[in-house]
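Here's the structure, in structure tokens; my notes come after.
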Amino acid sequence: MNRPVEPSVKPPMRSSGTPPVQASDESIERLRDAFQGAPQEAWLDGAVEAVAGRPGSIARSFAAAGRRAGRAPLAGVPGWSADEAARALLLAALPHDRLTPETLDLYRYGDADEKRAVLKALPLLPIGTAAVPLLLDALRTNDARLLAAALGPYARHLDQAAWRQAVLKCVFTGVPLNAVDRLDERADAELAAMLAAFAEEREAAGRPMPQDAEALLRRLTSEET
Amino acid sequence: MRIFDPHIHMTSRTTDDYARMAAAGVLAVVEPSFWLGQPRTNPGSFTDYFDSLLGWEPYRAAQFGVVHHATIALNPKEAGDPRCVPVLDLLPRYLDKDRVVAVGEIGYDSMTPEEDDAFERQLALAVEHDLPALVHTPHRDKARGTRRTLELVAASGIDPGRVAVDHLNEVTVGLVSGTGCWMGFSIYPETKMSPPRMVEILRRHGTERVLVNSAADWGVSDPLLTLETANAMLAAGFDEDDVDRVMWRNPVEFYAQSGRLDLTGLTAAEPSFAEPTFAGSSIKRGGE
């Protein structure tokens with residue numbers, strides 16, 4: 001497809017379609033605490049212990065996390081579902097020398113939910129800049145769930161040009177801008193120019209500009225004057 | 001009327017098709033991995049395709065309110081190509097995924113020893129990953145291919161109730177009906193099976209363990225022939241419950257055996273879709 005699927009056609013069935021990913025500063029410890037006393041805890045503990053001892057076992061436990069840990073929103077940790085949190089904990093359990101290769105592999109062979117979980121976990125892992133290619137891969141897609149997850153705190157490793165294009169792509173594909181970490185801090189005059197040009201095209205086409213993008217453009221241009 | 005197409009290659013179809021299908025009541029589909037018309041030349045070509053079946057395609061389907069699942073395999077047409085066979089080693093990774101509801105399409109194209117080997121190995125993978133198997137029967141030498149398929153299925157040790165033998169016709173249905181395997185029929189505009197012929201088969205063999213699909217792909221095919229068959233059933237005197245069984249409950253029962261069929265998006269919108277037979281078991285999201 002050369003053109004985004006217009007989100008206006010019909011809202012996706014799954015709530016994850018227009019993800020309310022608030023960029024957050026969660027920690028691995030907080031994610032772990034959220035499972036305290038939960039029915040999935042025994043499975044999770046076993047899988048985490050297995051990954052620490054036999055890192056290769058993560059291929060299966062990572063794929064099964066939705067079925068074993070459930071997919072409901074995680075109590076006490078806004079923006080995280082149980083499967084995403086379980087997957088982050090599995091990644092965090094990897095021995096340090098296996099973290100990068102296994103993370104790249106899990107993303108490469110992941111379905112959409114697994115890819116999204118990897119992207120969301122990145123800022124919580126001691127992985128440096130090794131996973132930047134995963135962000136670039138996610139930003140190449142037209143999948144709103146992946147675009148949103150790629151613009152969390154780990155996107156600080158994206159250079160400014162790639163970051164601006166990513167923000168504009170969110171606007172273009174209908175991903176809410178509250179998914180973008182440090183939006184106002186990073187937004188610059190060049191992004192304002194790109195948004196203004198986009199607004200002009202939309203106006204010419206008689207189509208509305210998303211409200212959050214319009215608001216951002218207003219904030220950026222009022223600062224200038 | 002609600003329709004579950006248990007075999008359709010949506011990757012080859014347009015968004016217009018999705019819109020027409022949803023409007024006609026085709027609200028759930030299973031997309032088996034298959035040949036693309038153009039032969040593949042390496043395992044990476046398969047993995048990109050599998051990624052699409054588990055990533056972009058279900059996302060695309062969801063925009064139109066259609067629930068999409070997939071089956072994963074090395075297809076029979078490419079099972080004899082030594083450049084493609086190494087993908088068998090990558091399959092276990094994909095067979096663990098949430099929306100994979102069977103191993104398939106597997107089976108025969110030309111009935112070579114190489115195809116025997118891939119078929120056998122993939123039936124073993126189905127058992128190992130606790131998944132049903134979707135078996136394609138060959139277009140050429142179909143009756144002999146179907147017999148040989150059933151021999152190999154029996155020898156593999158997989159429960160026949162977890163095997164669908166697809167693309168059957170008047171000549172081959174009798175070979176399968178007594179085996180306990182499910183019987184699949186692909187309704188095509190010109191070849192394979194037509195709605196009136198399908199109705200005649202249902203009259204003779206009943207509705208039990210019958211799956212009706214459009215198998216629509218990049219060839220001459222029509223994703224609404226399931227609906228046309230349903231209407232032909234009603235016109236021939238079948239009642240709405242018979243139609244619902246063939247077009248919805250049968251495919252749900254077959255694929256729910258995977259434990260990974262997730263129709264919660266639909267049941268939330270329309271509670272009557274939660275069949276008492278299956279509610280509380282494997283079609284529930286997160287069910288074990």
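Checking A:Asp181 against (1) assigned to a helix (DSSP H, G or I); (2) open to solvent by less than 50 Å² (accessible area, probe 1.4 Å): exactly one of these is not met. Which one?
Condition not satisfied by A:Asp181: (1).
Identify, please: which residue in region B:206-227 is small (Gly, Ala, Ser) and over 16 Å from the mean Cα position of the chain (by Cα) and is, among those, farthest from B:Val252 (Cα to Cα)?
B:Gly219
What's the number of the condition B:Arg260 fails, among (1) among the basic types (Lys, Arg); (2) in contact (Cβ under 8 Å) with a residue 60 or more places away in the chain; (3) open to solvent by 50 Å² or more (accessible area, probe 1.4 Å)?
(3)
Scan B:Glu228, B:Glu240 and give me the residue that is open to solvent by 80 Å² or more (accessible area, probe 1.4 Å) and touching a strand residue (DSSP E or B) at 6+ places or on another chain (Cβ under 8 Å).
Just one listed residue meets the conditions, B:Glu228.
Being within 14 Å of chain A (Cβ to nearest Cβ) and open to solvent by less than 40 Å² (accessible area, probe 1.4 Å) is the filter here, so list the residues in region B:1-26 that pass it.
B:Met10, B:Arg13, B:Thr15, B:Asp17, B:Tyr18, B:Met21, B:Ala22
Looking at B:Val165 and the list (1) surrounded by fewer than 24 Cβ atoms within 10 Å (Cβ to Cβ); (2) within 21 Å of B:Gly206 (Cα to Cα); (3) not aromatic (Phe, Trp, Tyr), which single condition is not satisfied?
Of the numbered conditions (1) surrounded by fewer than 24 Cβ atoms within 10 Å (Cβ to Cβ); (2) within 21 Å of B:Gly206 (Cα to Cα); (3) not aromatic (Phe, Trp, Tyr), the odd one out for B:Val165 is (1).
Out of all the residues in region A:56-71, which are under 20 Å from A:Pro101 (Cα atoms) and within 7 Å of chain B (Cβ to nearest Cβ)?
Result: A:Ala59, A:Arg60, A:Ala63, A:Ala64.
Restricting attention to region B:57-65, does a residue exist that is more than 9 Å from chain A (Cβ to nearest Cβ) and at pLDDT 95 or above?
yes
Residues checked against (1) closer than 23 Å to B:Asn250 by Cβ; (2) open to solvent by 30 Å² or more (accessible area, probe 1.4 Å); (3) hydrophobic (A, V, I, L, M, F, W, C); (4) at pLDDT below 95:
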residue: B:Leu123; (1), (2), (3), (4): yes, no, yes, no
residue: B:Glu128; (1), (2), (3), (4): no, yes, no, no
residue: B:Phe185; (1), (2), (3), (4): yes, no, yes, no
residue: B:Arg204; (1), (2), (3), (4): yes, yes, no, no
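Which ones in region B:10-26 are in a helix (DSSP H, G or I) and not β-branched (Val, Ile, Thr)?
Residues satisfying the conditions are B:Met10, B:Ser12, B:Asp16, B:Asp17, B:Tyr18, B:Ala19, B:Arg20, B:Met21, B:Ala22, B:Ala23, B:Ala24.
Identify the residue in region A:97-129 that is outside any loop (DSSP other than H, G, I, E, B) and of a type in the set (Gly, Ala, Ser) and, among all such residues, is nearest to the other protein chains (Cβ to nearest Cβ).
A:Ala112
Take the residues in region A:130-152 that are within 13 Å of another protein chain (Cβ to nearest Cβ) and not in a helix (DSSP H, G or I), then tell me which one is least open to solvent (accessible area, probe 1.4 Å).
In this case the residue turns out to be A:Asp143.
Scanning region A:24-41 for residues that are open to solvent by 80 Å² or more (accessible area, probe 1.4 Å) and not basic (Lys, Arg), which turns out farthest from A:Leu119 (Cα to Cα)?
A:Pro39
Take A:Arg30 and decide whether it is away from every other protein chain (no Cβ under 14 Å), closer than 20 Å to A:Asp181 by Cα and either outside any loop (DSSP other than H, G, I, E, B) or in contact (Cβ under 8 Å) with a residue 60 or more places away in the chain (or both).
Taking the combined requirement at face value, the residue satisfies it.
Within region B:208-288, considering only helices (runs of 4 or more DSSP H) that don't extend past its boundaries, which have at least 3 residues that are at pLDDT 95 or above and among the charged types (D, E, K, R)?
B:240-244
For region B:78-114, enumerate the residues that are acidic (Asp, Glu) and either under 18 Å from B:Gly259 (Cα atoms) or open to solvent by 10 Å² or more (accessible area, probe 1.4 Å) (or both).
Scanning region B:78-114 gives B:Asp81, B:Asp89, B:Asp96, B:Asp98, B:Asp109, B:Glu114.
Output the number of the condition that B:Arg144 fails; it satisfies all remaining conditions of (1) within 30 Å of B:Pro58 (Cβ to Cβ); (2) basic (Lys, Arg); (3) surrounded by fewer than 24 Cβ atoms within 10 Å (Cβ to Cβ).
(1)
Could you please find all residues in region A:59-79 being under 21 Å from A:Leu135 (Cβ atoms) and at pLDDT 95 or above?
Within region A:59-79, just A:Phe62 meets the criteria.
Check region B:36-52 and report whether any residue there is polar (S, T, N, Q), within 14 Å of chain A (Cβ to nearest Cβ), closer than 25 Å to A:Arg140 by Cβ and out of contact with any strand residue (DSSP E or B) (no Cβ under 8 Å at 6 or more places or on another chain).
Checking region B:36-52: at least one residue is polar (S, T, N, Q), within 14 Å of chain A (Cβ to nearest Cβ), closer than 25 Å to A:Arg140 by Cβ and out of contact with any strand residue (DSSP E or B) (no Cβ under 8 Å at 6 or more places or on another chain).
Under 6 Å between Cβ atoms, which residue pairs at least 6 apart in sequence (or on different chains) link something in region B:210-228 that is touching a residue at least 40 places away in the same chain (Cβ under 8 Å) with a partner that is part of a loop (DSSP other than H, G, I, E, B) and open to solvent by 10 Å² or more (accessible area, probe 1.4 Å)?
Pairs found: B:Asp217/B:His9; B:Trp218/B:Gly37.
The values are calculated or read from the model by the stated rules, or taken from the named source; none is laboratory data. In this text, all values refer to a predicted model and were calculated from it rather than measured experimentally. Every residue, glycine among them, receives a Cβ derived from its backbone with ideal geometry; neighbour counts consider all protein chains shown. For accessibility, only protein heavy atoms count, side chains too; no ligands or nucleic acids. Shrake-Rupley method; radii C 1.70, N 1.55, O 1.52, S 1.80 Å.
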